[in-house]
1. Any chance you could look up the accessible area of T241 with a 1.4 Å probe, heavy atoms only, rounded to 10 Å²?
2. On the protein heavy atoms, probe 1.4 angstrom, tell me the percent of accessible surface of segment 177-270 carried by carbon and sulfur.
3. Suppose the chain between L228 and T73 were pulled fully straight at 0.36 nm per residue; how much longer would it get relative to their current alpha carbon spacing?
4. State the percentage of accessible surface on segment 6-152 attributable to carbon and sulfur atoms; use a 1.4 Å probe and exclude ligands, DNA and RNA.
5. Which whole-Hz ³J(HN,Hα) couplings does segment 136-148 yield from phi under the Karplus relation 6.51 cos²θ - 1.76 cosθ + 1.60, θ = phi - 60°, glycine and proline marked x?
6. Scan around S8 for amide H atoms under 5 Å from its own, H built in the peptide plane at 1.01 Å from N, and keep only partners 5 or more places away or cross-chain.
7. So with the 1.4 Å probe, I'd like the accessible area per residue for the chain, rounded to whole Å².
8. Take K69, K77 and sort them by solvent-accessible surface of the protein heavy atoms, 1.4 Å probe, largest at the top.
Amino acid sequence: MGIKKTVSVLGLGRMGSALATALVDQDYEVTVWNRTPKTLPGAKSVATPEEAFDADVVVTCLSTYDVQKPLLTNKIKTLVNLTSGTPQDARATAEWAKSNGVEYVDGVIMAVPQQIGTKQARILYSGQPEHHVLEAFGEPVHVGEDAGLAALYDLALLGIMWSTFGGYLQAQALIQTAGITAQQFTPLATDWLATVGTFLPEMGEQTAHRNYETDVSALDINVEGLRLLTRASEEQGLDTTVPKALHDLFRRAQSNGHGAHSIASVIEEIR
Ligand SMILES: NC(=O)c1ccc[n+]([C@@H]2O[C@H](COP(=O)([O-])OP(=O)(O)OC[C@H]3O[C@@H](n4cnc5c(N)ncnc54)[C@H](OP(=O)(O)O)[C@@H]3O)[C@@H](O)[C@H]2O)c1
């Protein structure tokens, strides 16, 4: 067995603390830095980021790129960037790393802190190939050489999550107006989500081939359904931002000639 690399973690928020703990648990020699001084069992705390840059690998997990950018210097040997950003943010950091002689891995964490260190935590990463420290955090998946790809996947997947949560919360608000409890409704919602998931491969195919023929469900009836959901929410005195936004989008696709097509045709409006 080879000697493990020394690793520093910048940022001991909810996620950074979980990452640093996972490294300690995997017997890495860990140094940590946080703006608000903090200690972490098994790790050495330092007062400035510079003191953390002696390590073989520096892992960053800060709230934003704006916070992170001024902290980075060419003293870093290998940067594993786990701060969330856009693909452009990641590519700019990769360029910076290249011109400063810093090895660069850009990663995103598809998990919550409580899952770090387990196989459920998928770490999508792009840029330079595999880095063992990522294995301490979960299941690393290399998504490509382009440093922006991990961030692109991240935002695409989170977009699905946020839209789903928006729809679920609208549904809970609506259901609860009739005195139905969250506990009564949730099992039906999770079953329904599993069914909805089975529609995605066919929908994806249609978006790829731009062929929206359907014998399942036409956009016309879905526009009408969204109008009903908006009206039902209004009738109950609820906010209508979520159904209205979808209704507007779907209706625009309908008026642009997709009424008889499948819901997948809405992508033409998005594009
Ligand atoms: N939490 C999750 O479930 C999750 C999941 C996937 C990805 N992520 C990503 O992980 C990153 C960190 O998230 P988190 O949940 O750990 O956030 P958090 O708990 O709010 O921690 C934010 C970290 O950023 C530091 N920070 C904020 N402003 C700063 C500044 N001006 N200068 C220096 N440090 C500053 C904080 O330091 P202080 O302690 O001094 O405030 C703290 O260490 C984000 O990019 C997030 O998108 C989080």
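The values are calculated or read from the model by the stated rules, or taken from the named source; none is laboratory data. Small disclaimer: the values here were computed from a predicted structure and weren't measured. In case anyone asks, the SASA skips ligands and DNA or RNA and just uses the protein heavy atoms, side chains included. Shrake-Rupley method; radii C 1.70, N 1.55, O 1.52, S 1.80 Å.
1. Its accessible surface works out to 90 Å², give or take rounding.
2. Working: 3590 of 6090 Å².
Reported share for carbon and sulfur atoms: 59 percent.
3. Numbers: separation 155, 0.36 × 155 = 55.80 nm, distance 5.56 nm.
Taking L228 through T73 to full extension adds about 50.2 nm, to one decimal.
4. Details: 3580 of 7030 Å².
Answer for segment 6-152: carbon and sulfur cover 51 percent of the accessible area.
5. After applying 6.51 cos²θ - 1.76 cosθ + 1.60, I find 5, 8, x, 9, x, 10, 7, 9, x, 6, 4, 4, x Hz.
6. T31, V57, V58, V59
7. Details: 15380 Å² over 271 residues.
Averaged over the residues of the chain, the accessible area is 57 Å².
8. Ranked list, largest accessible area first: K69, K77.
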